[in-house]
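Chemist: Next up is a structure, given as structure tokens.
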Amino acid sequence: MKERRSVRVIPKTSITVAIEDEGQRTAAFGVVANISEGGACVLTDGRFEVGRNVGLQLSFAREPQPLDAQGVVVWGGPMRAGTEGMLRYGVMWTEAQPPAIRDRLRTLITRSS
């Protein structure tokens, strides 16, 4: 079995996300199902192609400023029965993320667990 690079956290409070497909005018809103220092699983009704770069604006509970992060869609698929129209996407944070963003993300993930 393949080992994960980082521990996934299921947030205790909602993390909402605005997603923008780079180079497109496609934008969607969703929620984070789980998150780690490596990426996030996002639930949304938006449609994004695997391999696309996306910009995410993550809004954590009780945080005055959203966190802007960059990622790439690494997998996608439908939700379980009863959630028609909702899709799940795996987004991996890009390596080009500035250190200050990575540090803030790490702190916010720790607070969310």
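The values are calculated or read from the model by the stated rules, or taken from the named source; none is laboratory data. Worth saying up front: this structure is predicted, and the values here are computed from it rather than measured. Quick reminder, even Gly has a Cβ in these numbers, built from the backbone with ideal geometry, and neighbours come from all protein chains shown.
Chemist: With the requirement that a residue be assigned to a loop (DSSP other than H, G, I, E, B), β-branched (Val, Ile, Thr) and either modelled with pLDDT under 85 or within 12 Å of the chain's Cα centre (by Cα) (or both), what does segment 11-33 give you? Step through it out loud before you land on a result.
Modeler: Going residue by residue through segment 11-33, those that are assigned to a loop (DSSP other than H, G, I, E, B) are 11-14, 22-26.
Filter once more, so that each one left must be β-branched (Val, Ile, Thr): 13, 26.
Result: Thr26, single match.
Chemist: Any residue that is surrounded by 14 or more Cβ atoms within 10 Å (Cβ to Cβ), touching a helix residue (DSSP H, G or I) at 6+ places or on another chain (Cβ under 6 Å) and at pLDDT 95 or above - is there at least one of those in segment 86-104?
Modeler: Checked segment 86-104: no residue is surrounded by 14 or more Cβ atoms within 10 Å (Cβ to Cβ), touching a helix residue (DSSP H, G or I) at 6+ places or on another chain (Cβ under 6 Å) and at pLDDT 95 or above.
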